[in-house]
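Heads up: the structure comes next, in structure tokens.
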Amino acid sequence: PPPPGPLVPSRLSPVAWRRSAAGAVLLFAVTACAPTQPGEMSDVPEPGPKVGVSYDLQGHRGARGLRPENTLPAVEAALEAGVSTVELDLHFSSDRRVVVWHDPKIDPSKCGVDPSASLLVPDPDVLATVELMVARLTVAELAAYRCDRNPDPTSFPDQTVTDSGLAGDRYGIVEVGQIFDFVDAYARAETTEAALGERAGRVEFNLELKRRPDHPEYIDDTFDGISPGAFELALLEEIDARDLRGRVVVQSFDHRSLWALGSIAPDIRLSVLTRRGDPTDFERWADQGASIWSPDWREVDSATLAAAHRAGLEVIPWTVNDSELMDNLITLGVDGIITDRPDLAPAGHR
């Protein structure tokens, strides 16, 4: 992967970007396009050369298209692809530790009991029980699962399970602090290529809090929807233990979690996640402390992009796995993309 591109207006915050002459020209060009309905891409320019383009390349769940999601090998695959940000999902164990996993329970399509595990844990291949909920299991019990299965070979035909360098064959569920430490170790390792090590030493972390207002039992920490819960506080402790506030973004579909965290850590960037068809309120989100809007990519067109930028929000859509679509969105002016396949992304990312 090429070294990071030069600093250009799109690398600045949206506010500073709009104040620059180049930003003003680009914003005019974007807003001059005929409006489309959300999700329609008819006004997206055709792909072209991207000399000096700068955007945030985020590896989704590490690099889910290359290695099983949210595992150390998936993170290493993302770093090898030269991402600027590693995106991860967070849950809360029964012993109040922040763990990296997407689903509220152990799913047999992704995990089985590790044959080498010394602990006796519920077997997802045999049982469908509430005892498989992440919130019901300790960190030690979660580590007894091996999550090396591909739940969708059609969508992820290139996902492989290999002994991947520094991460080795460690396909278990780990704590977020272990991810932070692994990335630091990768950046410092003598076996890491110099350019990749330099990038890894400043790579950012986009951490998704997997709260759901309709399923409080998924996190199970008596969150009141206003003040930070034990989940947010535990995550902040892990971040501060490594002095990573400047390299962390916290995102969630449960926006209450964002505002709660922001009330005690206003220097941590917040990203509002939305699904297709969700209402948007860019000005209010910005007023409440968000700096990023992260929508389903089908919601992004020239009108929504310009509106979000006017409110001072960066726009980083998910989950974009087609290289031509990546190119189109970058040409349109998004500030980043979240992808399962960072190895397919255009060159020039920040």
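Using amide H atoms built in the peptide plane, which far-off residues or other-chain residues are under 5 Å from T319 H to H?
W297
How much length would be gained if the chain were fully extended between T162 and D123, taking 0.36 nm per residue of separation minus their Cα-Cα distance, in nm to one decimal?
Length difference between fully extended and current span is 11.7 nm.
Listed highest first by mean packing, meaning other Cβ atoms within 10 Å per residue, what order do 59-65, 153-159, 229-235 come in?
Most protected by this proxy first, the peptides run 59-65, 229-235, 153-159.
To check you understand DSSP bridge types, tell me what percent of the beta bridges within the range 84-210 (both residues inside) are antiparallel, rounded to 5. Provide the component values of the computation, followed by the final result.
Values: 7 of 13 bridges.
So the antiparallel bridges in the range 84-210 amount to around 55 percent.
Given contacts defined as C-alpha pairs under 8 Å and at least six residues apart, what's the relative contact order of the range 115-235, whole-number percent?
18
How many nm is it between the label spots at D181 and R212, if each spot is 7 Å from the Cα in line with the beta carbon?
3.2
Per residue Cα convex hull volume for the range 258-343, in cubic angstrom?
Normalising the Cα hull of the range 258-343 by residue number yields 98 Å³.
Full extension from R202 to A347: what is 0.36 nm times the residue separation minus their Cα-Cα distance, to one decimal in nm?
50.4 nm
Values in this text are rule-based calculations from the coordinates and carry no lab data. Everything numeric here is computed off the predicted structure, so don't read it as measured data. Quick reminder, even Gly has a Cβ in these numbers, built from the backbone with ideal geometry, and neighbours come from all protein chains shown.
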